[in-house]
Amino acid sequence: MSRRVVITGIGIVTPLGIGVDEFKERLFSGQSAILPMESFDTSHLPSHLGAEITDFSPKDFLGGKAIRKMDKISRMTAVAAKLAVEDANLEIDNTN
């Protein structure tokens, strides 16, 4: 049985930018997110380069209580989902 999926909105949290507009601007201007790694020690590794998400502030998108209960990846995922909902112009009804 196959299922159809419809993509109605895009939420992007990447080393190149947060949100569709910032990501597209940097991507199409030829910017690179590959830089020396700073979040952990790479001295024992053959490469010291990578793409880290450095300008991400979950407080810009989520409430403080939600942030405290999540790890770093969950925060990024929640922000990407929120941006996708906004991009799709969907309204979430929390009355149930």
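The values are calculated or read from the model by the stated rules, or taken from the named source; none is laboratory data. Computed from a prediction, not measured in an experiment: that's the story for all the values here. Reconstructed Cβ throughout: ideal geometry from the backbone, glycine too, with neighbour counts over all protein chains shown. In case anyone asks, the SASA skips ligands and DNA or RNA and just uses the protein heavy atoms, side chains included. Shrake-Rupley method; radii C 1.70, N 1.55, O 1.52, S 1.80 Å.
Among the residues of region 66-96, those that are hydrophobic (A, V, I, L, M, F, W, C) and either over 18 Å from Gly19 (Cα atoms) or open to solvent by 40 Å² or more (accessible area, probe 1.4 Å) (or both) comprise Ala66, Ile67, Met70, Ile73, Ala81, Val85, Leu90, Ile92. Residues of region 14-55 that are within 16 Å of Leu83 (Cβ to Cβ), open to solvent by 50 Å² or more (accessible area, probe 1.4 Å) and assigned to a loop (DSSP other than H, G, I, E, B): Asp55 alone. For Gly63, the criteria (1) over 17 Å from Val85 (Cβ atoms); (2) loosely packed, with under 10 Cβ neighbours inside 10 Å hold in every case but one, which is (1).
Among the numbered conditions (1) out of contact with any Pro (no Cβ under 9 Å at 6 or more places or on another chain); (2) touching a residue at least 24 places away in the same chain (Cβ under 8 Å), the only one that Ile53 does not meet is (1).
Scanning region 1-13 for residues that are of a type in the set (Ser, Thr, Tyr) and open to solvent by less than 100 Å² (accessible area, probe 1.4 Å) gives a single hit, Thr8.
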